[in-house]
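First the structure, in the form of structure tokens, and then the observations on it.
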Amino acid sequence: MDEIEHNVEEREDFTGIKLRPSIIYYPKNEEEVVKIVNYARERRIPVISWGAGTSLSGHLKCDGCILIDMKYMNKILEINDIDWYVRVQPGVNLEKVFKEVESKGFFLPPDPASFFLCTVGGATANSSGGMRGVKYGSFREWVLAVKVVLPNGHVVKVGEPLRKNRGGYDLVHLFVGSEGTLGVITEIWLRLIPKPREPTETILAYMRSFEDTAFVITEMRRRKILPDLAEYIDGDIIRLLNKHLNADLKESDGGALLIVVGKDAVKDMLDILQGRTLELKIAEGEEADELYSVRAKAVLALKAESPNIIVEDIVVPISRLTDAIIKLKEIERRENVRMPLIAHIGDGNLHPNIIADTVKEPEKLFEEVGRIAIDMGGSVSGEHGIGYQKANLLKEQVLKHNGRDVLEIMMQIKRVIDPYDIMNPDKYVELAYKLMNE
Ligand SMILES: Cc1cc2nc3c(=O)[nH]c(=O)nc-3n(C[C@H](O)[C@H](O)[C@H](O)COP(=O)(O)OP(=O)(O)OC[C@H]3O[C@@H](n4cnc5c(N)ncnc54)[C@H](O)[C@@H]3O)c2cc1C
């Protein structure tokens, strides 16, 4: 194993969780990944894959594990302009892929706001969503096939670079979103579409109140307007973006709504927004790109304010958006805390952020917020995943919405693929299952 580049060091993920691996390997190809996995299995040492460490739910927590850093497996292997896919190694930066496919006239829509930091492997293992999720969904909808080193050391390719494929059970989507608990992904095929030709408009609306925002989103749904983007940041986040990143946003307690729609929907949008905004502007070209980029950096502004944040990722049915926000505001008042809100509001995916050092029992508060979503028929995670942080909430969600048998099936899948229990153990489904049986 000495021939594979390695070192020993402590690391921190983006949220500040400390990782203490026994060793970190930096494989340069799939054969080296196989060697590392075989070595780990023979010694029953946990294996954790590291992309860029930007996941937000404790996915990478590790004490004594073997950490596999994918940074050298970072190539774009193929862009197929007839079959419309891109094939990449997992360690490639997502923004690099965006730029490369764009230069060939293509568009890869799923855009976690960490696109400039994260890897395609991490975003695939997390099934990341993003700002364009309202129209284009999350990674799950764009991964056609993956190659994976399984815990037994075998390499399998599941799926094909085809839009239509009924070749057996859908194993691709078992690995997408599996958070490194089923194997190490070594290659990914992503579907591409041509760069959209229809012109769009970007509307930045400083809202009178959150209730107005919820109304606008609900009314868009009623009028069958499907935006390219519908993002919300509250007054707190606006202040933090101005303070830490010199964003030039108008400070407004009602927050700001950033909406991108086709030109044909602008008139309808302005009609819906009428009387509900403090100020409104329509941006184009570079100014529109700049607003998108400012929104993408909202988590960085938050992190600059406090290194100690716990990020929620709840999803509620759009029809319950107003109720959900009322409940969040009630919690803020009752606990006398701030929970700055960033939201992919167009698809009901809300990120209230708990600034942990301002709260007595942050974990308790975190779970209370998660239960708001569960009780409304929503989900505790839309895109960030479960890690260890949301395992208890995952258990509650599955028991309430699906039943015990479903968590049993999930655990059986983990046991079939990883009977040695070495792939990112004690998180996600495995931890939820343990908590169910306590
Ligand atoms: C500023 C910021 C904004 C964000 N915005 C969004 C957003 O809008 N939408 C969203 O969905 N998420 C968002 N996130 C979180 C998001 O989950 C991550 O950015 C991204 O999915 C993780 O990529 P990564 O390369 O850092 O993976 P890591 O954090 O390194 O890993 C993530 C998970 O994938 C596993 N993994 C990594 N590589 C592999 C591999 N090759 N094989 C198997 N498993 C692997 C890891 O073990 C881990 O479980 C944001 C994070 C930040 C810091």
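The values are calculated or read from the model by the stated rules, or taken from the named source; none is laboratory data. Just so it is clear, the model here is predicted, and its values are computed rather than measured. Heads up, the Cβs are rebuilt from the backbone with ideal geometry, glycines too, and the neighbour counts pull from every protein chain shown. SASA here: full protein model, heavy atoms, side chains in, ligands and nucleic acids out. Shrake-Rupley method; radii C 1.70, N 1.55, O 1.52, S 1.80 Å.
Quick notes on this structure:
- Leading residue by the ranking (surrounded by the most Cβ atoms within 10 Å (Cβ to Cβ)) among those in the stretch 34-84 that are part of a helix (DSSP H, G or I), in contact (Cβ under 8 Å) with a residue 12 or more places away in the chain and basic (Lys, Arg): 41
- Test set (1) small (Gly, Ala, Ser); (2) away from the ligand (no atom under 16 Å from the Cβ); (3) part of a loop (DSSP other than H, G, I, E, B) - residue 247 fails condition number: (2)
- Being surrounded by fewer than 19 Cβ atoms within 10 Å (Cβ to Cβ) and either within 13 Å of the ligand (Cβ to nearest atom) or not hydroxyl-bearing (Ser, Thr, Tyr) (or both) is a property that residue 16 has.
- Residue that is most open to solvent (accessible area, probe 1.4 Å) [pool: residues in the stretch 278-297 that are part of a helix (DSSP H, G or I) and either more than 16 Å from the ligand (Cβ to nearest atom) or in contact with a Lys or Arg (Cβ under 7 Å, 6 or more places away or on another chain) (or both)]: 286
- No other residue among 348, 275 is surrounded by 22 or more Cβ atoms within 10 Å (Cβ to Cβ) and on the phi > 0 side of the Ramachandran plot apart from 348.
- Residue count, the stretch 298-339 (criterion: open to solvent by less than 50 Å² (accessible area, probe 1.4 Å), more than 16 Å from the ligand (Cβ to nearest atom) and closer than 13 Å to residue 365 by Cα): 5
- Single unsatisfied condition, residue 210 versus (1) open to solvent by 30 Å² or more (accessible area, probe 1.4 Å); (2) touching a residue at least 40 places away in the same chain (Cβ under 8 Å); (3) of a type outside the set (Lys, Arg): (1)
- When residue 385 is tested against (1) touching a helix residue (DSSP H, G or I) at 6+ places or on another chain (Cβ under 9 Å); (2) more than 24 Å from residue 231 (Cα to Cα); (3) open to solvent by less than 30 Å² (accessible area, probe 1.4 Å); (4) not assigned by TED's automatic domain parsing to the domain that holds residue 228, only condition (2) is not met.
- Within the stretch 114-137, no residue that is in the same structural domain as residue 227 (by TED's automatic domain parsing) sits with its Cβ atom under 8 Å from a residue that is open to solvent by 10 Å² or more (accessible area, probe 1.4 Å) at 6+ positions apart or across chains.
- Out of 175, 116, 106, 98, sole residue that is open to solvent by less than 30 Å² (accessible area, probe 1.4 Å) and under 30 Å from residue 23 (Cα atoms): 175
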